[in-house]
Amino acid sequence: MNDFQIDRSIYDDANEDRSVFKSNPGELSEELVREISRVKNEPEWMLEKRLKGLELWNQTPLPNWGPSLEKLDLDAIQYFIRPGLEETSSWDELPEDIKATYDKIGIPEAEQKALSGVGAQYDSEVVYHKLKEEWEKQGVVFENMDVAVQKYPDLVKKYFMSTCVPISDHKFVMLHAAVWSGGTFIYIPKGVKVTVPLQAYFRMNAKNGGQFEHTLIIADEGSEVHYVEGCSAPQFNSSSLHAGCVELHVLEGAKVRYSSVENWSKNTFNLNTKRAIVHKNGVAEWVNGNLGSGVTMLYPSSVLIGEGARSDSLGIAFAAPGQHQDTGSKVVHAAPNTHSTIVAKSISRDSGITTYRGIVSIAKNATGCSTSTVCDALLVGDEAVSHTIPVMKVYNNKVTMAHEATVGKIGEDEIFYLMSRGLSEEDAIKLIVSGFIEPVVKELPLEYAVELNKLIALEMEGSVG
Amino acid sequence: MKLEIKDLVVQVEGKDILKGVSLTIEKGQVHVLMGPNGSGKSTLANTLMGHPAYEVVSGSLLLDGEDITDLDPDKRARLGLFLSFQYPKEIEGVTLANFLRTAYNSLHEDNPKSMVEFHKYLKEQMALLHIDSAFSRRYLNKGFSGGEKKRAEILQMKVLDPKYMVLDETDSGLDVDALRVVSEGINTMRGPEKGLLLITHYQRILDYVTPDVISILKDGEIVKTGDASLARKIEEQGFDKVISGE
């Protein structure tokens with residue numbers, strides 16, 4: 001797999017040669033889109049994709065379902081920031097509450113700076129150097145998405161916003177197509193099983209494209225990979241819109257697990273799109289945690305197009321006052337003997353709102369399928385709100401379906417029981433909440449699990465009247 | 001040193017359930033509280049531990065002379081009070097071991113045990129009660145049988161090692177083997193520094209645990225107090241006859 005050797009000079013030069021560029025807030029014009037493409041030195045087909053995305057965006061109204069997007073001020077958003085430029089902000093300018101949270105969950109300062117977009121010098125390459133050598137020997141590609149367009153044009157052209165998430169999919173995918181920047185490209189060759197989770201967490205430049213980043217993973221036949229993206233620490237985003245896109249191509253017999261924890265600052269509208277195309281006997285696994293954002297609309301989806309394909313989706317959403325987490329999962333069973341499970345857990349605290357929204361559809365020819373959805377909502381406080389909107393569309397009668405939904409409140413008797421053993425009321429509530437999300441948390445890599453637990457505990461502080 | 005209940009009047013949803021109960025649990029004693037259904041036994045247990053739904057209208061609770069009437073349940077636990085629940089709650093996703101370590105360290109803030117130390121300690125305590133060590137990895141009371149729940153309560157009591165223990169119908173719903181294990185556990189907690197209030201509906205457990213004092217509660221009042229022979233009388237003659245035979 002010599003084709004996939006990484007030539008550092010291309011990467012470095014690509015960064016250094018770019019002209020200083022920063023768009024004006026609200027500017028979203030054909031010139032801007034052309035400029036982005038030019039700055040990135042993109043091939044013509046990518047520019048065309050971008051321009052088509054912009055055209056569709058201009059023609060398409062905002063979605064009229066789900067949480068209100070009234071407060072999303074599209075004129076205040078900066079649609080393109082040249083990587084490298086946003087580093088002008090300094091550590092001291094970061095909001096105190098975000099710094100305090102970093103401290104409380106024990107993230108080292110160097111990492112804190114990298115996460116907050118301040119410390120451009122934090123060299124994660126050191127951490128990953130040895131692992132990367134291993135992967136490269138096996139032909140694994142783990143690259144910045146911008147760079148991948150240059151280095152692997154054939155693969156990118158075939159798989160980027162084509163069959164999985166087409167640019168016409170919905171309003172914010174159109175926008176994403178027009179202005180996407182940064183993100184991650186992964187290719188796992190046939191039969192290669194990557195045993196250590198690949199993480200974008202420490203990757204340099206990943207943070208720079210945090211607003212409209214694109215993740216494209218291609219797992220070739222019989223391969224396996226676990227990819228971990230995002231970061232459980234709150235990510236400060238001066239802009240208020242996150243419209244990323246994740247595409248997983250799970251080829252025959254391959255298995256991809258995608259884990260992510262998203263904790264955008266609370267002024268953010270997180271309108272993210274994640275989807276997998278799963279071929280014969282392939283497996284897609286989604287593990288998602290959503291803590292931050294003011295409004296989230298996120299429904300990781302799997303399209304099962306080959307016989308025997310499978311999708312498992314696990315999610316946690318947490319909404320504190322001022323937050324609306326509209327999350328869930330979608331599965332399309334387009335081939336016979338395909339299987340899916342969805343487990344969604346949500347916690348609403350005080351006036352926080354969570355909505356489970358899911359669709360499972362089973363095509364006419366897709367006989368012998370099974371699907372099960374379990375959504376559990378936990379309400380903390382009398383004002384907490386939870387909605388459950390599961391939709392099932394089944395076009396044949398040879399399927400096994402199960403759906404279960406529970407809404408629970410933390411009861412006085414449970415709290416009393418734990419307090420009688422010496423736990424304070426707050427600790428009792430935290431313990432019950434940590435138990436509630438445990439089935440999902442235990443599927444996350446350890447450091448994420450620990451951080452997620454700590455973060456939710458932090459969010460629960462002060463929840464006792 | 002003692003746990004004192006003084007002239008306690010308790011309401012639940014505006015209704016008087018306890019109508020002036022006075023009872024003293026001395027250290028070194030096993031005090032048994034018997035009484036027919038609906039007499040207020042569980043109300044007394046819950047009020048002792050500080051359940052928010054039980055309103056103390058008048059009277060007081062003293063633990064070694066300290067007034068605990070208005071304390072939150074966790075503060076009472078820190079003073080050394082323990083309640084073995086008649087219906088222990090199920091807590092999903094929290095293992096018995098994790099819960100017990102959290103509780104233990106809440107009660108021993110000055111001298112907490114590390115995970116390794118605690119697991120060793122827990123294993124020893126479980127062995128004493130003939131409980132399989134895999135039990136501690138199960139979620140707290142989740143899917144436990146009635147007998148398992150009661151055994152888990154006794155295990156918690158042993159691990160947390162309180163000064164005063166209130167056992168609310170810990171013997172009900174147990175088969176003979178489980179009753180023996182639970183009773184052995186209770187007996188290991190007896191001692192000059194420990195006071196136990198054993199609330200029961202049946203005389204059966206008294207075959208295994210010898211009481212020092214027996215009180216009978218009826219309609220929210222203590223109607224009789226005596227020694228171990230009182231239990232046998234109740235078994236033979238029934239509550240009504242023993243109470244009215246006064």
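Taking amide H positions as modeled 1.01 Å from N, with prolines and chain starts lacking one, the residues under 5 Å from A:LYS266 and 5 or more places away or on another chain are A:SER293.
Would you mind getting me the FRET efficiency between B:THR225 and A:LYS454? Use the beta-carbon distance for r and R0 = 56 Å, nearest 0.05.
The formula returns an efficiency of 0.60 here.
A simple spin-label model places the labels of B:LYS120 and A:SER162 6.1 nm from each other, with each point 7 Å out along Cα-to-Cβ. Relative to the Cα centre, the charge distribution of the range B:1-71, modelled as +1 at Lys and Arg Cβ and -1 at Asp and Glu Cβ, gives a dipole magnitude of about 300 debye. All alpha carbon pair distances within the range B:180-246 were sorted into 10 Å bins beginning at 0; the resulting P(r) in whole percents reads 18, 51, 25, 5. Measuring against 29 Å, Cα to Cα, the residue pairs B:LYS89/B:LYS158; A:LYS430/B:LYS123; A:LYS137/A:LYS330; B:LYS75/B:LYS149; A:LYS430/B:LYS113 contain A:LYS137/A:LYS330 as the ones spanning a longer distance. Among the GluC sites (Glu not before Pro) in the range A:372-465, those placed in a DSSP loop whose Cβ has at most 14 other Cβ atoms within 10 Å are A:GLU383, A:GLU461.
With the radius of gyration and the Kirkwood radius both derived from the Cα set of the range A:324-465, what is their ratio Rg to Rh?
So for the range A:324-465, dividing Rg by the Kirkwood Rh gives 1.07.
Expressed per residue, the C-alpha convex hull volume of the protein assembly as shown stands at 184 Å³.
Which residue, B:LEU71, B:GLN29, B:VAL12, has the largest displacement toward the positive end of the dipole of the range B:1-104 when charges sit on each Cβ (Lys, Arg +1; Asp, Glu -1)? About the Cα centre, the residue reaching furthest to the positive side is B:GLN29. Charge dipole (Cα centre; +1 on Lys/Arg Cβ, -1 on Asp/Glu Cβ; no other charges) of the range A:376-465 amounts to roughly 560 debye.
Using the Cβ-Cβ distance between A:HIS387 and B:GLU235 with R0 set to 60 Å, the FRET efficiency works out to roughly 0.60.
Within the range B:49-88, whose backbone N sits under 18 Å from a point 7 Å along Cα→Cβ of B:ARG204? From the range B:49-88, the list is B:85-88. The mean number of Cβ atoms from other chains found within 10 Å of a Cβ in peptide B:97-106 is 4, as a whole number. Since only A:GLY222, A:GLY289, A:ASN267 are under comparison, the one whose Cα sits farthest along the positive direction of the charge dipole of the range A:221-329, derived from C-beta charges on Lys, Arg, Asp and Glu, is A:ASN267.
Using only side-chain charges placed at the Cβ, +1 for Lys and Arg and -1 for Asp and Glu, the dipole size of chain B relative to its Cα centre rounds to 560 debye.
Here each label is just a point 7 Å from Cα along the line to Cβ, and for B:ARG180 and B:ASP212 those points are 2.8 nm apart. Computed over chain B, relative contact order equals 28 percent, with contacts defined as Cα pairs under 8 Å that lie 6+ residues apart. Rg/Rh, computed from the Cα trace of the range B:132-246 with Rh as the Kirkwood radius, has the value 1.01.
Working from label points 7 Å from Cα in the Cα-to-Cβ sense, the B:GLU148 to B:ASP132 distance is 0.9 nm.
Between the residues A:GLY322, A:HIS339, A:VAL450, the greatest Cα displacement towards the positive end of the dipole of the protein assembly as shown, with unit charges on the Cβ of Lys, Arg, Asp and Glu, is found for A:HIS339. Spread over its residues, the convex hull of the C-alpha atoms of the range A:411-465 is 79 Å³ per residue. Taking the convex hull of the alpha carbon positions in the range B:2-244 and averaging its projected area over all directions gives 12.9 nm².
Straightening the chain between A:ALA405 and A:GLU48 buys 124.1 nm, computed as 0.36 nm per residue apart minus the Cα-Cα spacing.
Values in this text are rule-based calculations from the coordinates and carry no lab data. This structure is a prediction, so every number in the text was calculated from the model and none was measured. Using ideal geometry, Cβ is built from the backbone for each residue, glycine included, and neighbour counts are taken over all protein chains shown.
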